[in-house]
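Peer 1: This is the structure, below, for whatever I ask next.
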Amino acid sequence: MPELIIDGQSVEVAPGATLLDAARQLGIDIPTLCYLEQCGPMTSCLVCVVKVTQNGRARIVPSCAAKAEPGMVVESETAEIRDLRRAAFELLLSDHVGDCLSPCHRICPLDLNIPRMIRQIETNDLDRAVTTLRQALALPAVLGRLCNAPCQNGCRRAGSCGGGSAAIRDLERFVADACLRSPEKYLPARKPSTGKTIAIVGSGPTGLAAAYYLLRQGHACTLFDRQPRPGGSLRRVDDTSLPAAILEAELDAFKQLGAQFQVSTSVGADVLSTDHLRRNYDAVLIAAGALSKTELDTLGLMASPVGVRVNTATAQTEHPNVFAAGSAVKPVKQLVRAMSEGQAAAECLHQFLVGLPIRPLEKAFSSVMGRLEAPELDLFLKSASPIPRTAPAHGPGTGFTIDEARGEAARCLHCDCRAEGSCNLQHYAELYGANPNRFARQRRLFEQHRHPARVLFEPGKCILCGICIHIAQQAAEPLGLTFVGRGFNVQVAAPLDRPFSDGLQKVAAECVKHCPTGAIVFDDRSEEHTSELQSRQVI
């Protein structure tokens with residue numbers, strides 16, 4: 001049994017085992033894209049490289065193919081190795097044609113997975129749509145009425161290609177209202193109690209967004225407000241734009257999550273001095289909106305020219321366990337921005353409470369195609385409803401019916417990646433801090449091939465790993481897949497100019513499962529569904 005050392009740990013492996021096998025035996029995560037055990041090493045992506053020292057000689061090798069030998073000393077996580085892997089990811093991304101996150105998702109300050117929610121509406125899967133919505137948003141029914149909808153500005157249908165942007169805010173409101181009408185109100189899962197207590201000064205949008213995040217992390221939250229009822233600036237919105245019953249229903253969800261509200265408590269009273277709160281709570285968040293110099297002095301906080309002075313990277317004041325966010329720090333006019341700042345400060349506060357280094361909340365990594373040409377947009381439009389943007393039939397204050405919501409959802413281009421969140425390239429590119437623009441070049445045109453077998457193939461996302469070709473060969477597919485073309489024009493395709501899905505009669509599901517970049521996925525819109533949309537122009 002060969003014995004070797006990996007990252008200072010000794011390990012014995014079976015004869016013939018690779019360095020990747022040995023690392024996995026120790027629980028060391030070495031990234032792979034082109035490797036699948038049943039296919040053997042293909043060494044095309046080179047993201048699994050390690051440094052091997054043996055007999056006084058050091059060399060860089062792909063761990064998926066290098067055989068383990070006695071006496072090897074292997075390094076898998078040095079700065080040098082990380083740099084090499086990062087470069088490998090960046091080279092792959094330089095030729096990657098596809099967005100991980102859709103423009104609407106990327107723009108949303110609260111990171112709502114908008115395409116996923118819209119797909120769930122379209123298929124009438126409202127329970128999952130509610131889950132998607134409420135996991136991201138603290139006040140979805142409020143935002144569905146008052147959000148300035150920056151996501152709609154990014155929608156690829158907003159231009160001349162298709163009758164206006166998708167009505168994302170109205171769809172959000174539809175799902176949120178469906179949740180409020182349900183006899184079983186959805187509540188997100190809450191982690192076990194941490195025993196930590198947090199005082200949040202201000203129960204407006206910023207404070208509520210922070211509480212929603214912190215409560216789900218298992219912390220106890222008490223929200224203080226100078227007004228007799230919680231809600232802050234939301235209480236000043238007219239009843240036509242935000243019915244009081246909607247706000248009360250939203251606040252009730254906080255109470256069910258365990259939030260405590262202490263109202264009619266003004267800044268200046270003893271209970272709201274910073275010293276008092278620090279003595280009685282593990283951490284404090286100031287989210288009380290714009291504060292006067294007198295109020296800041298009363299709280300015992302230092303002022304900047306526009307509000308509470310904080311470390312912008314950590315949201316901390318001069319007191320390490322006192323944080324501040326929203327208009328208490330600087331003027332914030334947009335509701336969704338105020339809530340996103342509360343959520344970001346809550347993440348910093350949580351990290352502080354559990355003893356982690358405080359790092360700002362970051363959005364998931366995304367490759368970005370940028371502006372699409374008309375032929376590229378046409379590919380997305382083929383599977384979407386061609387109807388103009390839907391307006392609620394009973395007036396703008398009424399919201400969508402189920403048929404209206406599904407009809408509007410059918411207009412979505414679904415320009416996100418269906419493998420988002422499960423794509424190995426996205427995961428490791430984020431983990432290694434890859435810069436997709438480091439080796440920037442003129443990108444190829446986006447391609448999308450839809451087939452009756454529900455297999456969707458996007459060649460621009462393919463890294464030519466060959467996994468699908470090997471899987472098809474092993475399954476004795478009648479036609480199978482192969483590499484066609486030469487040089488930079490090589491692509492995976494079915495032979496003899498046959499449709500891609502013809503090469504996957506038996507193992508389409510297995511190829512979808514093991515594709516490392518989401519180049520092969522199952523189409524969530526069948527050919528029959530698309531034909532119906534195109535012919536009827538309604539859902």
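Peer 1: Please count how many residues of region 440-457 are surrounded by 16 or more Cβ atoms within 10 Å (Cβ to Cβ) and assigned to a loop (DSSP other than H, G, I, E, B).
Peer 2: Within region 440-457, residues that are surrounded by 16 or more Cβ atoms within 10 Å (Cβ to Cβ) and assigned to a loop (DSSP other than H, G, I, E, B) number 6.
Peer 1: Right, another one. Looking at region 119-155, which of the residues that are closer than 27 Å to Ala344 by Cβ and charged (D, E, K, R) is least open to solvent (accessible area, probe 1.4 Å)?
Peer 2: From region 119-155, those closer than 27 Å to Ala344 by Cβ are 120, 128-155; that's our starting set.
Next, only the ones that are charged (D, E, K, R) stay: 128, 134, 145.
Values: Arg128: 146, Arg134: 10, Arg145: 44 Å².
Going through the qualifying residues, I end up with Arg134.
Peer 1: List the strands (runs of 3 or more DSSP E) inside region 458-530, counting only whole elements, that have at least 2 residues being closer than 15 Å to Ala419 by Cα. Spell out the reasoning first.
Peer 2: Numbers: elements: 482-484, 491-493, 520-522.
In region 458-530, 520-522 are the strands (runs of 3 or more DSSP E) which contain 2 or more residues that are closer than 15 Å to Ala419 by Cα.
Peer 1: Which of (1) open to solvent by less than 60 Å² (accessible area, probe 1.4 Å); (2) out of contact with any strand residue (DSSP E or B) (no Cβ under 6 Å at 6 or more places or on another chain); (3) closer than 19 Å to Tyr281 by Cβ does Ser193 not meet, given it meets every other one?
Peer 2: All conditions are met except number (1).
Peer 1: Still on this structure, please answer the following. Counting just the residues of region 73-84 that are open to solvent by less than 60 Å² (accessible area, probe 1.4 Å) and touching a helix residue (DSSP H, G or I) at 6+ places or on another chain (Cβ under 8 Å), which one comes out nearest to Ser10 (Cα to Cα)?
Peer 2: Pass one, region 73-84, residues open to solvent by less than 60 Å² (accessible area, probe 1.4 Å): 74, 76, 78, 81.
Adding the requirement that they be touching a helix residue (DSSP H, G or I) at 6+ places or on another chain (Cβ under 8 Å) leaves 74, 76.
Numbers: Val74: 10, Ser76: 14 Å.
Per the criteria, the residue is Val74.
Peer 1: Go through (1) in contact with a helix residue (DSSP H, G or I) (Cβ under 7 Å, 6 or more places away or on another chain); (2) in a loop (DSSP other than H, G, I, E, B) and name the single condition Ala419 misses.
Peer 2: (1)
Peer 1: Same structure again: Can you tell me which residue is farthest from the chain's Cα centre (by Cα) among those in region 30-72 that are over 20 Å from His514 (Cα atoms) and open to solvent by less than 30 Å² (accessible area, probe 1.4 Å)?
Peer 2: My answer is Met72.
Peer 1: Counting just the residues of region 342-374 that are among the polar types (S, T, N, Q) and part of a loop (DSSP other than H, G, I, E, B), which one comes out nearest to the chain's Cα centre (by Cα)? Steps first, please.
Peer 2: First pass over region 342-374, keeping only residues among the polar types (S, T, N, Q): 343, 351, 366-367.
Keeping just the survivors that are part of a loop (DSSP other than H, G, I, E, B) gives 366-367.
Numbers: Ser366: 9, Ser367: 13 Å.
In this case the residue turns out to be Ser366.
Peer 1: From the list Thr274, Thr240, Thr298, Thr265, exactly one residue is at pLDDT below 95, out of contact with any Cys (no Cβ under 7 Å at 6 or more places or on another chain) and open to solvent by 70 Å² or more (accessible area, probe 1.4 Å). Which is it? Explain how you work it out, then say what you get.
Peer 2: Numbers: Thr274 fails: open to solvent by 70 Å² or more (accessible area, probe 1.4 Å); Thr298 fails: open to solvent by 70 Å² or more (accessible area, probe 1.4 Å); Thr265 fails: open to solvent by 70 Å² or more (accessible area, probe 1.4 Å).
Answer to the check: Thr240.
Peer 1: Just for region 215-251: of the residues that are touching a residue at least 60 places away in the same chain (Cβ under 8 Å) and in a helix (DSSP H, G or I), which one is nearest to Glu347 (Cα to Cα)?
Peer 2: Result: Glu250.
Peer 1: All but one of (1) surrounded by 22 or more Cβ atoms within 10 Å (Cβ to Cβ); (2) closer than 23 Å to Gly231 by Cβ; (3) under 22 Å from the mean Cα position of the chain (by Cα) hold for Ala166, so report the exception by its number.
Peer 2: (2)
Peer 1: Something else about it: For region 75-104, name all the residues that are under 19 Å from the mean Cα position of the chain (by Cα), assigned to a helix (DSSP H, G or I) and under 18 Å from Asn437 (Cβ atoms).
Peer 2: Leu93, Pro103
Peer 1: What residue, among those in region 390-413 that are under 16 Å from Gln152 (Cβ atoms) and modelled with pLDDT of 90 or more, is surrounded by the most Cβ atoms within 10 Å (Cβ to Cβ)?
Peer 2: So the residue we want is Cys412.
Peer 1: Exactly one of these conditions fails for Val97: (1) buried (at least 21 other Cβ atoms within 10 Å of the Cβ); (2) closer than 29 Å to Glu458 by Cα; (3) among the β-branched types (Val, Ile, Thr). Give me its number.
Peer 2: Of everything listed in (1) buried (at least 21 other Cβ atoms within 10 Å of the Cβ); (2) closer than 29 Å to Glu458 by Cα; (3) among the β-branched types (Val, Ile, Thr), Val97 misses just condition (1).
Peer 1: For region 224-235, indicate whether the set of residues that are open to solvent by 30 Å² or more (accessible area, probe 1.4 Å), modelled with pLDDT of 95 or more and hydroxyl-bearing (Ser, Thr, Tyr) is non-empty.
Peer 2: Yes, the conditions are met somewhere in region 224-235.
Peer 1: In region 318-337, what count of residues is obtained for those that are surrounded by fewer than 24 Cβ atoms within 10 Å (Cβ to Cβ) and either in contact with a His (Cβ under 7 Å, 6 or more places away or on another chain) or part of a loop (DSSP other than H, G, I, E, B) (or both)?
Peer 2: The qualifying residues number 9.
Peer 1: Do we find that Arg173 is open to solvent by 50 Å² or more (accessible area, probe 1.4 Å), modelled with pLDDT of 95 or more and either under 21 Å from the mean Cα position of the chain (by Cα) or polar (S, T, N, Q) (or both) in this structure? It would help to see each step written out before you state the result.
Peer 2: Details: open to solvent by 50 Å² or more (accessible area, probe 1.4 Å): no; modelled with pLDDT of 95 or more: yes; either under 21 Å from the mean Cα position of the chain (by Cα) or polar (S, T, N, Q) (or both): yes.
So Arg173 does not fit the description; no.
Peer 1: Within the group Leu285, Leu208, Leu299, which residue is under 21 Å from Arg173 (Cα atoms) and touching a strand residue (DSSP E or B) at 6+ places or on another chain (Cβ under 8 Å)?
Peer 2: On the way: Leu285 fails: under 21 Å from Arg173 (Cα atoms); Leu299 fails: under 21 Å from Arg173 (Cα atoms).
Within the list Leu285, Leu208, Leu299, the selection yields Leu208.
Peer 1: State all residues of region 146-198 that are over 18 Å from Leu247 (Cα atoms) and outside any loop (DSSP other than H, G, I, E, B); if no residue qualifies, say none.
Peer 2: Pro150, Cys151, Gln152, Asn153, Gly154, Ile168, Leu171, Thr197, Ile198
The values are calculated or read from the model by the stated rules, or taken from the named source; none is laboratory data. Small disclaimer: the values here were computed from a predicted structure and weren't measured. Every residue, glycine among them, receives a Cβ derived from its backbone with ideal geometry; neighbour counts consider all protein chains shown. With ligands, DNA and RNA removed, areas are computed over all heavy atoms of the protein, side chains included. Shrake-Rupley method; radii C 1.70, N 1.55, O 1.52, S 1.80 Å.
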